[in-house]
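In what follows, a single structure is set out as C-alpha cells and then discussed.
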Amino acid sequence: MRRFLIVGNQTLGSEQLRAAVRERLDDGPCRFHIVVPATPPREQFVWSEGEAVTVARHRLDDAVAWMDEEGASVTGTVGDASPALAVADAVERQIFDEIIVSTLPSGLSRWIHQDLPHRLARRTGLPVCHVVAVVHAEAGR
C-alpha cells in the first residue's frame with residue numbers, strides 16, 4: 001500500500017489538492033497523512049502560538065473530513081511552525097513513498113519563496129509533488 005505525506009495549510013481545501021488525492025486513490029490502495037504546520041497568519045502583525053495551532057487544527061479537521069468523504073484512509077497532525085521541521089518530524093515517525101506539498105501560487109507563497117518542495121526532496125530523498133492552488137480574487141484570498 002502506497003503512503004503519502006501531504007503538507008499544506010491555507011490550500012488544504014483547494015480543488016488542485018483534491019484532484020491530486022483522487023488521482024492517487026484511482027491508482028490503487030493508499031494511505032495519507034496530513035501535516036499542517038502551525039505557521040503564523042500572514043495578515044496579522046501580532047499572533048500567539050495558540051492561535052496558529054487553532055487555525056491549523058481547523059484546517060486539518062476540514063481536510064480530513066473531505067478526504068474521508070473521498071474514501072481515503074487519512075490521519076493528520078498539526079506540526080511545527082516550520083514546514084521543513086514539521087515534515088522532518090513526520091518522516092521520522094512514519095515511512096512514506098511520496099510527499100505532496102500544497103502551496104499558494106508563486107508571489108503569494110512563502111513556501112515557494114523558501115524553495116520548500118526542492119528542500120524537502122533533498123532532505124528526505126523522497127519524490128515530491130508540488131501542487132499549486134488556484135486562488136480566486138472573488139473568494140477574498
Worksheet, complete the sentence: Length gained if His118 through Leu85 is fully extended, taking 0.36 nm per residue and subtracting the Cα-Cα distance, is 10.5 nm
Worksheet item: Comparing Pro127, Pro83, Pro37, which has the greatest mean-square fluctuation in the GNM of the chain with Cα pairs linked when under 10 Å apart?
Response: Pro127
Discussion item. Under a crude label model (7 Å from the Cα following the beta-carbon direction), how far is Leu25 from Leu108 in nanometres?
Written reply: 2.4 nm
Worksheet item: Using the C-alpha atoms of the range 2-139, what convex hull volume per residue, in cubic angstrom, is computed?
Response: 106 Å³
Discussion item. Using Cα springs under 10 Å in a Gaussian network model of the chain, which residue among Ser82, Ser106, Ser73 shows the largest mean-square fluctuation?
Written reply: Ser106
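No lab work stands behind these numbers, since they all come straight from the coordinates. Quantities reported herein were computed from a predicted structural model and do not represent experimental measurements. Counting neighbours? That spans all protein chains shown, and the Cβs are built from the backbone with ideal geometry, glycine included.
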